[in-house]
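Below: the structure, in structure tokens.
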Amino acid sequence: MSEQASASTSPSGFFTEENSVATVNARMGRDVDPRLAEVMACLVKHLHNFAREINLTQDEWDFGIDFLTRTGQICTQERQEFILLSDTLGLSMLVDAINNRRPSGATENTVFGPFHVEGCPVRQMGDQICLDGKGESCLFIGRVLDLDGNPVAGAKIDVWSDNAEGYYDVQQPDIQPKWNNRGVFVTGADGRYSFVGIKPVSYPIPDDGPVGKMLNSLGRHPYRPAHMHYMVRAEGFQKLVTHTFVGGDPYLNSDTVFGVKKTLVAPFTRVESGNTLWRSDYDFVLARPRQKR
Ligand code: BEZ
Ligand code: FE
């Protein structure tokens with residue numbers, strides 16, 4: 001704790017630059033939920049110390065308030081600019097890492113993103129999920145295993161990706177078929193899964209709002225490297241939310257939301273078998289609820 005943060009309140013309870021943290025936190029009621037009290041007290045401490053450390057000017061804070069206002073104003077049911085802000089500041093990945101510490105060998109989590117849609121139809125193993133006929137066809141194939149290498153039966157694998165032009169179906173409801181490049185698959189006793197989609201392409205996150213402006217001001221691009229999203233749920237295992245990334249993608253080392261992990265970069269092999277141009281093999285390894293790092 002900094003010196004200022006530990007300064008005590010004045011007897012009058014009046015606010016000073018030196019006692020700001022203690023004075024604000026002393027206002028907390030007695031019957032406040034203990035975790036809420038802990039989170040808010042820590043937030044106040046870091047916010048005040050941030051302003052103090054950089055000598056925040058009035059103009060800068062007015063800009064900050066205006067930025068947050070614009071971030072809220074652009075949010076709709078379909079557009080969540082605050083999640084984009086959290087993602088591009090690396091906060092989503094940090095919270096994800098804190099909450100998904102798994103033993104080595106278990107597949108790593110990564111950011112969920114805003115484009116998952118609950119309720120996608122369950123498909124048969126091997127089915128095609130690309131419904132707009134665009135892109136380079138790719139077979140996605142592998143197994144769902146536990147940490148001892150045993151197959152996991154009854155695992156529900158929810159997959160989603162952008163189309164060949166870099167947009168999710170929900171971004172183009174009047175252009176793409178519903179459930180384009182999405183599917184849910186359930187493993188049998190052998191833990192195997194397979195489906196045909198497209199080799200995903202890299203795309204910019206929505207950058208026509210305040211977060212896009214922020215990235216531009218910071219000399220950052222808005223691109224994510226090409227990836228396929230997975231959410232794997234099975235009874236008796238931790239939920240896995242992850243992607244596989246296309247090896248060799250030019251944005252692998254500069255993902256605008258920091259989602260890439262080395263273990264999630266998957267092989268995409270050119271096969272040219274029938275109508276299928278690519279094949280990507282990847283096994284998902286699930287941890288039990290108490291298996292933590
Ligand atoms: C995505 O991969 O779908 C995504 C993740 C974070 C922000 C925007 C998009
Ligand atoms: Fe994505």
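Of note:
- Among the residues listed as M228, M214, the single one being away from ligand 1 (no atom under 12 Å from the Cβ) and under 23 Å from S86 (Cβ atoms): M214
- Residue within the stretch 133-142 that is in a loop (DSSP other than H, G, I, E, B), open to solvent by less than 40 Å² (accessible area, probe 1.4 Å) and away from ligand 2 (no atom under 16 Å from the Cβ) present: no
- Test result for E108, open to solvent by 40 Å² or more (accessible area, probe 1.4 Å) and within 16 Å of ligand 1 (Cβ to nearest atom): yes
Results for (1) within 16 Å of ligand 2 (Cβ to nearest atom); (2) over 19 Å from G105 (Cβ atoms); (3) surrounded by fewer than 20 Cβ atoms within 10 Å (Cβ to Cβ), shown as yes or no for each residue.
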residue	(1), (2), (3)
K199	yes, yes, no
K213	no, yes, yes
S217	no, yes, yes
H227	yes, yes, no
Y230	yes, no, no
T244	yes, no, no
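- Any helices (runs of 4 or more DSSP H) falling wholly within the stretch 34-106 and containing at least 3 residues that are in contact with a helix residue (DSSP H, G or I) (Cβ under 9 Å, 6 or more places away or on another chain) and small (G, A, S): 34-53
- Count of the stretch 158-178 residues which are within 16 Å of ligand 2 (Cβ to nearest atom), under 19 Å from E78 (Cβ atoms) and in a loop (DSSP other than H, G, I, E, B): 9
- Selection status of I74, open to solvent by less than 80 Å² (accessible area, probe 1.4 Å) and either β-branched (V, I, T) or under 29 Å from K178 (Cβ atoms) (or both): yes
- Within the stretch 91-104, one or more residues are open to solvent by less than 30 Å² (accessible area, probe 1.4 Å) and small (G, A, S).
- Residue among L252, L240 that alone is farther than 23 Å from V144 by Cβ and open to solvent by less than 50 Å² (accessible area, probe 1.4 Å): L252
- Remark: pairs (first residue in the stretch 160-171, modelled with pLDDT under 95 and of a type in the set (A, V, I, L, M); second residue open to solvent by 10 Å² or more (accessible area, probe 1.4 Å) and within 11 Å of ligand 2 (Cβ to nearest atom); Cβ separation under 7 Å; 6+ apart in sequence or on different chains) = V170/F115.
The values are calculated or read from the model by the stated rules, or taken from the named source; none is laboratory data. Just so you know, these numbers come straight off a predicted model, no measurement behind them. All Cβ positions, even for glycine, are placed from backbone atoms using ideal geometry, and neighbour counts span all protein chains on display. Remember, those area values only see protein heavy atoms, side chains included, never the ligands or the DNA or RNA. Shrake-Rupley method; radii C 1.70, N 1.55, O 1.52, S 1.80 Å.
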